[in-house]
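A.B. asks: The structure is given below, and queries will be raised subsequently.
What follows draws every value from the coordinates through simple rules; no lab data is involved. These figures come from a predicted structure and were not determined experimentally. Reconstructed Cβ throughout: ideal geometry from the backbone, glycine too, with neighbour counts over all protein chains shown.
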Amino acid sequence: MRYFFILLASLFFLLSCASQPPEANGQTEIELKSILEKAFAGDADAQYNLGVMYAKGKGVLEDDGEAVKWLRKAAEQGIAPAQTRLGVMYFKGEGVPENDVEAVKWYRKAAEKGDAWAQGFLGVMYAEGRGVPSNAGEAVKWYRKAAEQGIAPAQYNLGVMYAKGGGVSQNFVEAYAWLNITAAQGNKKAFKPRELCKKLLDHASLAKAQERSREYFKKYVVPFQ
């Protein structure tokens, strides 16, 4: 189970590349110079972009230590995506010693600002008891916040929690609804638990679950595509 949640956390990070704010990718020499000047002058957005550039090795040599340095500067100025990425660096031990408590600290700062990826990560930390005492109820709380902002892995995790009754009353209608929308987004891991839930529902309950899934898809998937 521990390995399962670690994999989910890694999946969140990989997918975050597609949903974080615009980054400094493919910068021209003039644009790079401008970012550097702004970052050194204290511009938080430029510091965030520079941190991402160092983390990915785009426009500059890849350097985890420099990535952490600039992400921290932006994070300390309240830039939520920088706080999230800094949390990931602590979680993975990249550029800094691995430290779950620090990861949770930065995830929480961003999550409380409404950053969806941070909310999903924080849910994983509570589910796994990393950096905080294990708390399934808190995991569900943060998964739901992320799921309602269109984060597919959080939607999957929330569906699983409903299926097994972790941190929430077991509810196969809700489980099916959440698993169905993440399956529709291509998450093959959702297929099997969705089918298991389907087998446990009678005809009327399945119809209700599918109606709810359509509602969730329109509300929590379509606006974020």
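A.B. asks: For every other residue with a beta carbon closer than 15 angstrom to the beta carbon of Lys189, add +1 if it is Lys or Arg and -1 if Asp or Glu, then tell me the sum.
C.D. replies: Taking every Cβ under 15 Å from that of Lys189, the sum is +3.
A.B. asks: Further, regarding this structure: For the chain, build the charge dipole from Cβ charges (+1 Lys, Arg; -1 Asp, Glu) around the Cα centre, then report which of Ser205, Met89, Leu179 sits farthest towards its positive end.
C.D. replies: So the residue furthest toward the plus end is Ser205.
A.B. asks: Something else now. Counting Lys and Arg as +1 and Asp and Glu as -1, each charge on the Cβ, what is the dipole of segment 35-88 about the Cα centre in debye, to the nearest 20?
C.D. replies: 100
A.B. asks: Rank by packing, highest mean first: peptides 34-42, 145-153, with packing defined as the count of other Cβ atoms within 10 Å averaged across residues.
C.D. replies: Per-residue mean Cβ counts within 10 Å order the peptides as 145-153, 34-42.
A.B. asks: Figure the gain on full extension for Ser169 and Phe191 (residue separation times 0.36 nm, minus the Cα-Cα span) and round it to one decimal in nm.
C.D. replies: Length gained between Ser169 and Phe191: 5.7 nm.
A.B. asks: Let me know the charge dipole size of segment 112-205 about its Cα centre in debye, to the nearest 20, where only the beta-carbon of Lys, Arg (+1) and Asp, Glu (-1) is charged.
C.D. replies: Magnitude of the dipole: close to 280 debye.
A.B. asks: Please report, in debye to the nearest 20, how large the charge dipole of the chain is about its Cα centre when each Lys and Arg carries +1 at its beta carbon and each Asp and Glu carries -1 there.
C.D. replies: Value, rounded to 20: 980 debye.
A.B. asks: In the neighborhood of Val132, defined by Cβ-to-Cβ distances under 11 Å, what is the net charge if each Lys or Arg adds +1 and each Asp or Glu adds -1?
C.D. replies: Around Val132, the charge tally is 0.
A.B. asks: Expected output is a single nm value to one decimal: the length gained when fully extending between Leu36 and Ser134, i.e. 0.36 nm times separation in residues minus the C-alpha distance. What is it?
C.D. replies: Working it through step by step, the gained length comes to 31.2 nm.
A.B. asks: Now for a different question. Shape call for the chain from the C-alpha gyration tensor, a ≥ b ≥ c root eigenvalues: rounded (a/c under 1.5), prolate (a/b greater than b/c) or oblate?
C.D. replies: prolate
A.B. asks: Here's something else I'd like to know. Using mean Cβ contacts within 10 Å as the protection proxy, how do 121-130, 181-190, 95-104, 71-80 order, highest first?
C.D. replies: 121-130, 71-80, 181-190, 95-104
A.B. asks: So what's the gap between the Cα centers of segment 32-51 and segment 126-184, to the nearest angstrom?
C.D. replies: Centre-to-centre (Cα) distance: 37 Å.
A.B. asks: Give me the percent relative contact order of the chain, please, defined on Cα pairs under 8 angstrom at least 6 residues apart.
C.D. replies: 11
A.B. asks: Which pairs in the list Lys164/Lys189; Lys164/Lys218; Lys109/Lys218 are over 27 Å apart, alpha-carbon to alpha-carbon?
C.D. replies: The pairs that break the limit, which is 27 Å between Cα atoms, are Lys109/Lys218.
A.B. asks: Can you list the aspartates and glutamates whose alpha carbon sits under 16 Å from that of Lys199, skipping same-chain ones fewer than 8 residues off?
C.D. replies: Of all the aspartates and glutamates, those that pass the test against Lys199 - Cα under 16 Å, at least 8 places apart if same chain - are Glu174.
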